[in-house]
Structures are given as structure tokens and as C-alpha cells.
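Coordinate-derived values only; no laboratory data. These numbers were taken from a predicted model, which means no experiment stands behind them. Please note: Cβ atoms are built from the backbone with ideal geometry, for glycine as well, and neighbour counts cover all protein chains shown.
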Amino acid sequence: MSFETDKQTLDDLNILGKYSGNSVYSLYSGLVTRGAERLMDQMFTHPLTDADEINRRTAIFRYFKEHDLEYPGDPEGLEEIDQYIGSAGRTAWFVNLLSLCKMKALEMISKDEHFAIWRTRMETTLDFLREGRGYLARVSENITGNPLEERVRWGLDLLDNKAFTRLLEDTTRPLTFGRMFAIDRLLRGEWLKPLQELLALFVEIDLYTVVGRVARENDFCFAEAMKDGEVSMEVKGLHHPCIRKAVSNDLTITRQKNIFFLTGANMAGKSTLMKSFGIAVYMAHMGFPVAAGSMRFTVQDGMYTSINVPDNINMGYSHFYAEVLRVKKVAIEVSLSKRLVVIFDELFKGTNVKDAYDATYAVTSALAKRHACSFMISTHIIEVGHELGKNCDNATFAYLPTVMNGSVPTYTYKLEPGITNDKHGMIIINNERIVELIREVK
């Protein structure tokens, strides 16, 4: 079963976007191989829903966070190897011999470059395998008990095979024609399949190295996945992964307290906190590092958000109607008895205050009865929170405070228990002298 989400959620949280400077994906730059890029794409678009599989992946990433090992090879060299091994076919050895003879003849007659290119790719492959053997030996020193141990030791056994050992110990360059043919029979014939598996392992290690580096440099944690339990989400030291020196917060959502109701003034940090939480949930299900001090969670079926819902001019939808349709879509998913994380930021802000109050209260009260799901809901209509407090015993109320420095509002971005009383909109308007500017006669 796959982790459910949609484009709106991914856009709200800015998860994807390889070339976007502020996306979560863009943190994981520096991959060497194209295969690792494809693998990274797959992991980012297919979070996991099996606790054992998630914890297995995090254990591998944690190893590479704790052991700063320089990856063997470079992008140009790995591309040469991919071209060499990837061009291998199922042709007989004498067909390959004829092909080599043809390229050699063309080189001698017309200075054709194909033979030289072939030799360079073969030599690059040998150099990488030699360096890779030493790398795997270093990895194996501290990998006992890790899920990757068996494959690392398999790779070492392969490269320690007598045939490979003789091959890698011969560093004569440039390779002679006869030597090239003998090596080609081994690498792209007899040993092709295990060699492809070995290179696939190095593709994965490329990704593991980058993920480990990001976790180490940013001091991210790895979340503990649970199959079931009272705690749905517990995260300490949560912050946004793309904001430098971000303020951190702790929060917990349980089966019995499954609604986290957040209030606070505009600019107090509600949206950033909600995005930070959503990103942490998503990355935790990928098994990737989380921008927090620690996190444990019960595996969910999916996640949906409503943070930046746009209007739709082509469909004739106003901003409010677009919000309504978004909430309807999520309501349908919630009604199917799934275990979901739902994040609603400023519900129904596209309508008047009275309708927004009634609608937010009605929707939140209905959601409260879905204990299998975890909800984070924010509003600046604090009266909704007070009314929910009277009739809803499974909500946790928290707010982000505004601190007045004279007539200037400042923000701590630190969660406080309860419901805010901050109402500083007119103070900000007065500070900007908007009314005075309108009245001035020029």
C-alpha cells in the first residue's frame, strides 16, 4: 500500500522541485550518479507505509550520517562506466572480438576515436572497481548488524574473487588489444550480471552518502516508526528544514488528543509551524532525516493539507469555493476510515468572519470524531477555540504569542499552551500610518 497524498499537499509543503532553491528536495544535492538521481526521485514520490521498511531505511541512512566516508568516483567517470557496462549485449565473445578489431582497424586507417573511447571507458571501470573495493572494506569495518551489511560483504567477496583480484592488481596502462579483449570477456560477459548488481549497490551508496551528509551537516534526526500505538505523532525540537536558525518547538498528537488546534496573530508563525510539521511527517515516512531533535510516529496511510489553496479562474471558482472543494475532498478521504494526517491552515479565510466561524467550528467538531486521524488546524478566529474547548475533549490548544515592544509587535515563534488573546491588527495598521496617508492632502 502506498502513502496517499496529492499535488496540492506537495505544493503546500514545497516538497518536490529538484531545481527549486527553497524546496525540501533541493537540500539533497551532490549526487554523483544518474541512477541515484532516479532513486531519489522515486523515494520522494513514494513514501513508505511499513514501519519495518521505514526503520530499515533509516538505519542505513544513520550509518552514513555517523560515518563520513568519501564516495569513490566522480560524475564524469561514473558516466563512462555506465556507457561501458550499459552497452553490453548478449552477443557471443567472437562477435565482440570482431567489433574490437573493426574499431582498431578504423583507428589505424582514419584515426577514428571509437577504439580510444572504448579503452578509456574500460580503464575507468577498472579504476573505479579498484577504488570501490577499498571503499567497501572501510564501510565493512563498522557495519555489523546494519541492514546493508549483507550486501556490502557480498560486494567485497565479489571483488576479492581471484579473477577480479588479478584483474585489479594489474595497473598497466594503456591496455593492450589482447588485454582489452580478455577484460571485456570477463566484465561484460562472464561477470556482467554480478557486476551490474555491484554497480547498483554503489548507486544506492551514492544516495545514502548524500542523505547522511545532509543529516550530519544540519543535525537532523531520524524518526522511529511504530506499527500502532497511542502516540500518533511526537516530535521534539521541530523546525523548518529550509530556514536557517529556525526556532524549534515540541508537539504531540495522540489517539485521544487527535486535534492540535493552533491560534495566533498573523505573522506569528502559524503557517511555518504547520509546514514544518507536514514536512516532518512526509520525510519520516520516506525514512529520511527530519528537522527535529527526535521524533516517533505511528505509520499513517497518507496526508492532506490545505494551506495555500488558489482560486481557479478557468473553472470559475472563487477562493472560498476552492477552499470548500478542498475541505470536501479531504472529508471524503477521512470518511473512508483511513489513518490520515490532515493540516488545515486558516479554514475558510475566503469568506466573512461569521461564516468562517460557523464553518470552522462545524468542520472541526465533525473531524474530532475521527480518532484514527490526526489533525492540525489553525485559525485567527479565537472564538472558535473557546467554543471547542467547551464541547471537545480531544483537542490540544496551543498558540504562538505576540509580544509588544512598546507599540511594535514582535514574535517569539515558541508554542504556548492555550488560546491566544492577541489582537494587534489595528496596531500594525496604525504603525504603518495607512489612515493618515489616505487623509493627507497633497
Scanning the chain for GluC sites (Glu not before Pro) in DSSP loops with at most 16 other Cβ atoms within 10 Å, what's the longest stretch left with none? 231-431
Length gained if N394 through N218 is fully extended, taking 0.36 nm per residue and subtracting the Cα-Cα distance, is 59.9 nm
Would you mind checking the pairs K328/K390; K275/K414; K369/K390 and listing those with alpha carbons more than 18 angstrom apart? K328/K390
Descending principal axes extents, segment 221-439, alpha-carbon based, whole Å: 63, 41, 39
Per the Cauchy relation, a quarter of the hull surface: what is the mean projected area of the convex hull of the alpha carbons in segment 75-215, in nm²? 9.4
Cα pair distances of the chain binned at 10 Å [whole percent]: 4, 18, 23, 18, 14, 10, 8, 4, 1, 0
How much length would be gained if the chain were fully extended between K414 and S140, taking 0.36 nm per residue of separation minus their Cα-Cα distance, in nm to one decimal? 94.3 nm
Would you mind telling me which residue in A215, A268, A105 has the biggest mean-square fluctuation in a Gaussian network model of the chain, where springs connect alpha carbons within a distance under 10 angstrom? A105
Stretched out fully, how many nm does the piece from S26 to L186 gain, at 0.36 nm a residue minus the Cα gap? 53.6 nm
For the chain, modelled as a GNM with alpha-carbon contacts under 10 angstrom, which of N55, N14, N161 fluctuates the most? N161
With both partners inside the chain, how many of the DSSP beta bridges are antiparallel, as a percent to the nearest 5? 40
For segment 332-422, the Kirkwood Rh over every pair of distinct alpha carbons, in Å, works out to 14.5
Coordinate range along principal axes, alpha carbons of segment 5-52, Å, largest first: 30, 29, 14
DSSP H segments from the chain that extend 30 Å or more along their own axis, Cα-based, with Kyte-Doolittle mean of 0.0 or above: 192-218
The chain: calculated mean residue ellipticity at 222 nm from DSSP helix runs of at least 4, using -39500 (n - 2.57): -16000 deg cm²/dmol
